[in-house]
Amino acid sequence: MEWGIIGVEEKLKLPIGEEFFKNIRTKGFYYVDKTGFIADLIKTRGSVNLFTRPRRFGKSLNLDMLQSFFEIGADPAVFEGLEISKEEKLCAEHMGRYPVISISLKDVEGLDFQTAYGSLGLLLSEEAERFDFLLESGRLNQSEKTKLQRMMDCDFEKKEFLQGSLRFLTKILCKHYGRPVIVLIDEYDVPLDKAYQNDYYLPMVQLIRSLFSPVLKTNKNLEFAVITGCLRIARESIFTGLNNFKVRTISDVECARYFGFTDAEVRAMLEYYGVGERFEDIKEWYDGYHFGFVDVYCPWDVINQCDKLRVWADAPMEPHWENSSSNSIVQEIIAKATETTKSQIEALISGEAVEKALISELTYTDLENEDEDMCQTYLWSVLFATGYLTDADRPVNQVHKLVIPNREVLGIYEKRILSWFKKKAVSNIDDWRKFCEAVMDGDAETVQTIFNEFMSASISIRDTYARKEMKENFYHGMLLGLLKAEGSWIVKSNAESGAGYTDIKLLIPSKAAGCIIEVKYAEGGAFDMACLTAMRQIEETGYVDTLIQEGARTIHKYGIACYKKRSRILHSKQELRLN
């Protein structure tokens, strides 16, 4: 294997974290052409258009692309050669023809309402500063110029002024240019998510509603608005009274191909960077989402992994979306898991589908519904909307056949469930201590009995669909969670990328003792064969020698075979004589 960049100097850069369309088009970045979205939007739009997609699926870039196309002063050169450039009549009528207001609410947050309010005010002030030239406009009166200056100075002490600020901007822009205004609002639901987490949800809902309603409802200065977010917040919460309000969720067919990468787009990117042979790996890890009739990949994953592959063609697959997106909703569903929910999560992890009637419109307070069944319905609906689940098939009568989309998201579930398992198992202090003592003493019978009890009470992987190494990974994780909770022990796991743990090595310095543990999945309940295979592998690894070098004089070897919620354990002991 030769290390080094594969022709990077001859290739376009990958746009990791680049959300500005013009930069991508003018500064040497690779671009997956989504400009067909512009034409479809013009031809099918309502006065207010909401697009909901999970995080990192291109919403922000698409909105910046819209601004680059519609805003007065647009540069036609950045669209040359792209799909939209074929629509000559449409480009002549709409490109560079509109004043545009564009804000992103992704950074509107705070530990309390007042901090979040100040954050929103600063955002609106910065957008107003883009139009400082209006202070010299001969078409505005002095009162309007004074109000604009107040916005630029972030003078939002009076809440009523902030609430009407977007509508005011549309008024003065339309008055100056003689053209109605396009309004773009990105990540509209982020402030609501942050507010829910920090216990000021209701005042934030009221603030966002009072900001949106004046600009979006019966506003003669508005051409149209495009709004993006993860969740479709109930209309009565935010969008009360809006007419001609069009919503396109991940289940809708219209505009489905413009958020996320298709098979053809991923293949083209990999071929361009000379790593086409890794397509199947990319597909396994990052594909699996179904938007309308289109199968899509998470763009953030594909771009980041392709960037690694172009440097090292054999680079292991890694999670990228997981590390850039909050997993709090998975923690929420695990925390509220009923026995039925636990069983359904088992099925999902094993590759099965779970059928659920989902709710299209949500509010965050729904997650606290006192009706247990309704609360679970809301939780499943949020998991679906935020990308932690996807459709296995077209929904029928609002009933969705849900599956975990890909290998990366499966890993998120496994980690969260293992964390839940560890917390629950260790909370049974007496049994956990007996388990640790038995491991230390080489009491394989007690280790087996208690481990089986733990598994019986926990979520486990089923004997379906999931590959063998995934199942072994799951049981390894259970053992690691139990053993690492004993803080005085040195527990190490050697990991192979993508295949889980190969071995668990345990050193107990106070006892000059150590353990080597190998876990095998007992396919079809073949415990004895799996145990013998595990013990043979222990002898072949040479890890016993490393324990001896680290000071262990008593070494316990455990071959553990697992199947569903049962285990069988073989044990041998090695004593070293002191010279």
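About its Cα centre, what dipole magnitude does the chain give when the only charges are +1 on Lys and Arg Cβ and -1 on Asp and Glu Cβ, stated in debye to the nearest 20? Please report the intermediate quantities before stating the final value.
Values: 72 positive and 88 negative charges, 168 e Å.
So the dipole magnitude of the chain works out to roughly 800 debye.
For the stretch 1-113, what is the accessible area per residue in Å² when the probe is 1.4 Å? Don't skip to the end; give the middle numbers.
On the way: 5270 Å² over 113 residues.
Here the per-residue accessible area is 47 Å².
Hey, if you put +1 on the Cβ of every Lys and Arg and -1 on every Asp and Glu Cβ in the chain, which of Phe451, Met529, Met152 ends up farthest toward the positive end of that dipole?
Met152
If the label point is 7 Å along Cα→Cβ of Ala357, which residues in the stretch 369-393 have backbone nitrogen under 17 Å from it?
371-382
Farthest toward the dipole's positive end in the chain, which of Phe113, Gly178, Ala552, given Cβ charges of +1 (Lys, Arg) and -1 (Asp, Glu) about the Cα centre?
So the residue we want is Gly178.
Given +1 on the Cβ of Lys and Arg, -1 on the Cβ of Asp and Glu, and no further charges, what dipole in debye does the stretch 94-214 carry about its Cα centre, rounded to the nearest 20? Intermediate results must be reported in sequence, preceding the final value.
Details: 15 positive and 18 negative charges, 164 e Å.
In total the dipole reaches around 780 debye.
With a 10 Å radius around each residue's Cβ, average the other Cβ atoms per peptide and rank 218-225, 303-310, 514-521, highest first. Walk me through the numbers on the way to the answer.
Values: 218-225: 18.4, 303-310: 21.1, 514-521: 25.8.
Ranking, from highest mean packing down: 514-521, 303-310, 218-225.
Treating the beta-carbon of each Lys and Arg as +1 and of each Asp and Glu as -1, no other charges, what is the dipole magnitude of the stretch 184-261 about its Cα centre, to the nearest 20 debye? Intermediate values should be presented prior to the final figure.
Numbers: 9 positive and 9 negative charges, 53 e Å.
It comes to approximately 260 debye.
Suppose R0 equals 56 Å; then what is the FRET efficiency for Tyr177 and Glu271 from their Cβ-Cβ distance, rounded to the nearest 0.05?
On the way: r = 45 Å, r/R0 = 0.80.
It comes to 0.80.
If you average the sequence gap of Cα pairs under 8 Å that are 6 or more apart and divide by the length of the chain, what percent do you get for the contact order?
Numbers: 954 pairs, mean separation 67.3, N = 579.
Result for the chain is 12 percent.
Measuring from centroid to centroid over Cα atoms, what is the spacing of the stretch 151-173 and the stretch 228-287 in Å?
Using only Cα atoms to place each centre, the spacing works out to 33 Å.
Which order do the peptides 120-131, 375-386 take when ranked by the mean count of other beta-carbon atoms within 10 Å per residue, highest first?
On the way: 120-131: 17.9, 375-386: 21.2.
Order by mean packing, descending: 375-386, 120-131.
Mind ranking 132-138, 445-451 by how tightly packed they are, going by the mean number of other C-beta atoms within 10 angstrom, highest first?
Numbers: 132-138: 11.9, 445-451: 19.1.
Output ranking for 132-138, 445-451: 445-451, 132-138.
Once you have the alpha carbon radius of gyration of the chain, what is it after dividing by 2.2 N^0.38 Å, with N set to its residue count?
After normalising by residue count via 2.2 N^0.38 Å, the value is 1.15.
Which one of Thr26, Val253, Thr363 has its Cα pushed farthest toward the positive end of the charge dipole of the chain, where Lys and Arg give +1 and Asp and Glu give -1 at the Cβ?
Thr363
Would you kindly state how much longer the chain becomes between Asn397 and Asp252 on full extension, computed as 0.36 nm times their sequence separation minus their alpha carbon distance, in nm to one decimal?
Full extension from Asn397 to Asp252 adds 50.8 nm.
Can you give the net charge of the other residues whose Cβ lies under 11 Å from the Cβ of Glu518, counting K and R as +1 and D and E as -1?
Values: positive: Lys505, Lys520, Arg536, Lys557; negative: Glu472, Asp503, Glu539, Glu540.
Around Glu518, the charge tally is 0.
So how much slack lies between Gln142 and Arg130, counting 0.36 nm per residue of separation and subtracting their Cα-Cα distance, in nm? Before the final figure, lay out each step's value.
Working: separation 12, 0.36 × 12 = 4.32 nm, distance 1.87 nm.
The Gln142-Arg130 span can extend by a further 2.4 nm.
Considering only Cα-Cα distances, which of the following residue pairs are longer than 32 Å: Lys356/Lys520; Lys22/Lys175; Lys59/Lys159; Lys159/Lys356? Could the numbers behind the result be given before it?
Numbers: Lys356/Lys520 34 Å; Lys22/Lys175 28 Å; Lys59/Lys159 29 Å; Lys159/Lys356 42 Å.
Table pairs above 32 Å Cα-Cα are Lys356/Lys520; Lys159/Lys356.
Given a 1.4 Å probe and every protein chain left where it sits, what share in percent of the accessible area of the chain is carbon and sulfur? Walk me through the numbers on the way to the answer.
Numbers: 11860 of 25120 Å².
Accessible surface attributable to carbon and sulfur in the chain totals 47 percent.
How much of the DSSP beta bridge set in the chain is antiparallel, as a percent to the nearest 5? Intermediate values should be presented prior to the final figure.
Values: 33 of 64 bridges.
Percentage antiparallel, nearest 5: 50.
Count charges around Glu109 for me, please; just the other residues with Cβ under 9 Å from its Cβ, Lys/Arg as +1, Asp/Glu as -1. Before the final figure, lay out the partial values.
Working: positive: Lys106, Lys194; negative: Asp107, Asp193.
Once positives and negatives cancel, what remains is 0.
The values are calculated or read from the model by the stated rules, or taken from the named source; none is laboratory data. None of these values were measured; they are calculated from a predicted model. A quick note on method: Cβ atoms are made from the backbone with ideal geometry, for glycine too, and the neighbour counts reach across all protein chains shown. When the accessible area is computed, the model is the full protein with side chains, heavy atoms only, and any ligands, DNA or RNA have been set aside. Shrake-Rupley method; radii C 1.70, N 1.55, O 1.52, S 1.80 Å.
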